[in-house]
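Data first, discussion second: the structure below is written as structure tokens.
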Amino acid sequence: MISTPIPISEESLESLNTLTENLFARHNGANSLIVPFIGAGCSAVSGIPVGLKLIEKIKNEFFGTDDQSSVKINQILSAETAKLFGEQGKKEFNELSFFEVASVLSRFTYGREVIDRVVSKAVSNPIKKPLCYELLSHLAKHGFIDHFISVNFDELLDESLRDEIPNRLR
């Protein structure tokens, strides 16, 4: 079977070249810190919904199926958006990012319950472990990576690190 190569942007190639140079420098004794910043892209291959898809799931559960109630709830949430974000509140509720939606909905008990339920369900059944986490964990095991910064709410990186370096985790 012939596989089709995945196109890589110039920016991605430059980042990979920089990382490779830093890893070689580290291997040759350079005293530099390597701290990957990890976002949703790493977890996306596991089947966990990210960004807009997760917002859609949260909104569907929060609003339900009653269109009349949805219109009223959307008006209330738009007013809360304006209160919460001030000048930035000029955006409508349906134009917010994931974290902005969570900020508005978490002002309500029911909103916090919906966010918890949807996110917990979303991260509970990954279809596979992402290769990037396995590779990063292996690099950490051999001293090439010092720390990680992750904005992800899943535990896939944690699981890979526990498999690779269980005695070094805090």
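The values are calculated or read from the model by the stated rules, or taken from the named source; none is laboratory data. Keep in mind the model is a prediction, meaning the values are calculated, not measured. In case anyone asks, the SASA skips ligands and DNA or RNA and just uses the protein heavy atoms, side chains included. Shrake-Rupley method; radii C 1.70, N 1.55, O 1.52, S 1.80 Å.
Could you grab the Rg to Rh ratio for segment 14-153? Cα atoms only, Kirkwood for Rh. Don't skip to the answer; put the middle values down first.
Numbers: Rg = 20.0 Å, Rh = 17.8 Å.
Using only Cα positions, Rg/Rh for segment 14-153 is 1.12.
In this structure, the amide hydrogen of residue 38, modeled 1.01 Å from its nitrogen in the peptide plane, lies closer than 5 angstrom to those of 149, 150, 151, counting only residues at least 5 positions away or on a different chain. Expressed as a whole percent, the accessible area of segment 54-170 that falls on carbon and sulfur atoms is 52 (1.4 Å probe). For segment 14-170, the relative contact order comes to 35 percent (Cα pairs under 8 Å, sequence separation of at least 6).
Backbone phi angles across segment 144-157, fed through the Karplus curve with coefficients 6.51, -1.76 and 1.60 (θ = phi - 60°), yield HN-Hα couplings of 8, 10, 8, 8, 10, 10, 10, 9, 7, 9, 7, 10, 5, 5 Hz in residue order; Gly and Pro are listed as x.
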